[in-house]
Amino acid sequence: MDVFVIEGGRRLDGSIAVQGAKNAALPLMATALLTDEPITIRDAPDLADIRNMARLLEELGCETKRQGHRLSLRTADRTQSHARYDVVRTMRASICVLGPLLARRGEARVSMPGGCTIGDRPVDLHLRGLEALGAQIDLDAGDIVARAPVGGLRGARIFLGGPFGSTVLGTANIMSAATLARGTTTIESAACEPEIVDLARLLNAMGAKISGAGSPRIVVQGVDSLGGADHRVMPDRIEAGTLMCAAAITNGDLTLENCPLDALLVLWDLLHRIGVRIDPIDETDPLRATCRITTERSLRPVQVTTQPHPGFPTDLQAQLMALLCLAEGNSIVTEKIFSERFMHVPELARMGASLHRAGATVVVSGVRRLRGAPVMASDLRASAGLVLAGLAAEGTTIVNRVYHLDRGYERLDERLIQLGAKIERVDEKDLESPPTIAVMPGVARLASA
Ligand code: EPU
């Protein structure tokens, strides 16, 4: 298993382009199940989750081909509609094949996703939505078995709000399934995330009739069939936000290209309040902007609560918390989407952060510096938070189990190295003796400032 050995204390400086969004690409790929014509997805990041989704689609009869960041997908065989546990347990997002399979093949068998390190992740809203479209849903041997009624799915009015807001992949599933249903489907309390807008764009390019994506009410007029399309994935707002926090925590000076600034207004506002400047350089396309990130020498604390879009995204909570560890004063971070998503808290504490958790809230008392330590990555975004802390810390940080990070960030180590970071990726077996990297003073909150 790979680990990162990070020598902290180096400012990030330079330009970097944001990659295509993993969380947009996954449901986009599942659209290949809705048609026999080819789907081309450009800017698909080269990540374990994307490869897993391609493997799953192959098991479901799709031919897949990758050339660099270009994915070509085409359904060649519609006989196999079982997304097996072996695949689903490696990637929860496999659930987004459920709607497309059901709509096009009239049946789907998808292993029920199990537990997850970031907390309870039920799929009841997905199932309720599909039932409203007329599907019969059963649970058999750990699999969700969904069958469309004779004559196919039929449009309906569906409320997708749950106790923690709407559901992103649930909205993707219902919206995709409704494209081929008879009549009109209205999804109320739909997820407003930009990835849903991106999916609607591809579906419409395939011939679907969807309006309202990006708002809480999406209307889908069913069509008889969908065709092929060519689509460029939106840039990854979470990767962009992570890089912004990386610039901030290292007192860096970073230019981000292909940055979905328009999808990050809440982070822009928060960073401004913290003392981090984001200056747009080119906003011709606000979803593919160029902007510069610079930081004031002292960071101010903030209160932040994770919420569905356009609120502050849970997927940036760990990264922002790492930054707030170095603010002057007490910040309050409340997690309202996944109340257990705090695996990074004890690890940040190992690096000298002062954190007090009560339920879904963490009080972050800023410290002058973080100190390098061996820490354990536990999920994708927690790992990103730990890498950021390592970039700012004094001395050496060893982030174990970076395979979590690799699920959502393509070659993050190499890309940060290009910006001036000192990171080595090594096999943990080769880490018997402690690394002998010279200790640099931590950059964050410049102790002498
Ligand atoms: N929920 C329900 N019932 C459901 C579905 C969800 O109660 O049927 C609850 C969840 O437990 C959670 C809330 O609703 O409290 C939101 O969950 P959602 O369904 O929106 O999450 P998701 O669609 O499974 C996507 C992203 C996650 C991201 C969340 C929230 C993908 C592949 N995953 O998951 O991304 O955290 O939306 O924005 O798009 C990540 O990239 O690290 C990641 C976990």
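FYI, it's all coordinate maths here, none of it is from the lab. All values reported here derive from a predicted model rather than from experimental measurement. Don't worry about glycine lacking a Cβ; one is built from the backbone with ideal geometry, like all the others, and counts go over all protein chains shown.
Computed values, structure above
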read-out	value
Cα-based convex hull, the stretch 22-232, per residue volume (Å³, whole number)	102 Å³
Whole-percent pair-distance distribution, where bins are 10 Å wide, for the alpha carbons of the stretch 99-210	15, 47, 33, 5, 0
S365 paired with M1, simple spin-label distance in nm, labels 7 Å along Cα-to-beta-carbon	3.2 nm
Angstrom value of the Kirkwood radius, inverse mean 1/r, which spans all Cα pairs in the stretch 315-434	14.6 Å
For the stretch 151-225: relative contact order, % (alpha-carbon pairs under 8 angstrom, 6 or more apart)	35 percent
Beta bridge orientation in the chain: antiparallel %, DSSP, nearest 5	70 percent
Shape category assigned to the stretch 1-77 from the gyration tensor of Cα positions, a/c cut at 1.5	prolate
Peptides ranked, highest mean first, by Cβ atoms within 10 Å: ranges 134-142, 204-212, 183-191	183-191, 204-212, 134-142
Residue-count net charge about G161 - beta-carbon cut-off 11 Å; Lys, Arg +1, Asp, Glu -1	0
S298-E188 FRET efficiency (beta carbon distance; Förster radius 56 Å; 0.05 resolution)	0.80
Whole-Hz ³J(HN,Hα) from phi, Karplus 6.51 cos²θ - 1.76 cosθ + 1.60, for the stretch 71-82, glycine and proline x	10, 10, 10, 7, 6, 10, 8, 10, 7, 9, 10, 10
Zone of R411's modelled label, taken as backbone nitrogen in the stretch 58-79 under 15 Å from a point 7 Å along Cα→Cβ	67-70
For R10, net neighbour charge (Lys/Arg +1, Asp/Glu -1) across residues whose Cβ lies under 12 Å away	-1
Positive-end extreme of charge dipole, the stretch 22-232 - chosen from G212, T31, A132 (charges on Cβ)	G212
Between helix 194-205 and the chain: long-axis angle, C-alpha atoms, 0 to 90°, nearest 10	40 degrees
Using alpha-carbon coordinates, inclination of helix 380-392 to the longest axis of the chain, degrees	20 degrees
R0 of 30 Å, Cβ-Cβ distance D282-R42: FRET efficiency to nearest 0.05	0.90
Alpha-carbon Debye profile of the stretch 233-304, log10 I(q)/I(0) at 0.15 Å⁻¹	-0.42
Hz values of 3J(HN,Hα) by residue in the stretch 158-164 - Karplus curve (6.51, -1.76, 1.60), Gly and Pro given as x	10, 9, 9, x, x, x, 10
Prolate/oblate/rounded call for the stretch 247-345, Cα gyration tensor, a/c under 1.5 rounded	oblate
Overall form of the stretch 59-157 per C-alpha gyration tensor (a/c, 1.5; a/b vs b/c)	oblate
Fraction of beta bridges assigned by DSSP in the stretch 22-232 that are antiparallel (%, nearest 5)	70 percent
Long-range amide H partners of R277 with built H, under 5 Å	T294, T295, E296
J(HN,Hα) series, the stretch 263-278, from Karplus relation 6.51 cos²θ - 1.76 cosθ + 1.60, nearest Hz, glycine and proline x	9, 10, 5, 5, 6, 4, 5, 5, 5, 4, 5, 6, x, 10, 9, 10
Solution diffusion estimate, µm²/s, Stokes-Einstein, the chain, Kirkwood Rh from C-alpha pairs, 10 °C, viscosity 1.306 mPa s	71 µm²/s
Under-5 Å amide H pairs with R182, H placed in peptide plane, nonlocal only	L153, R154, G155
Extension gain from D427 to R70, taking 0.36 nm per residue of separation minus the Cα-Cα distance	125.6 nm
Mean Cβ neighbour count within 10 Å, used as a protection proxy, ranking 400-411, 385-396 highest first	385-396, 400-411
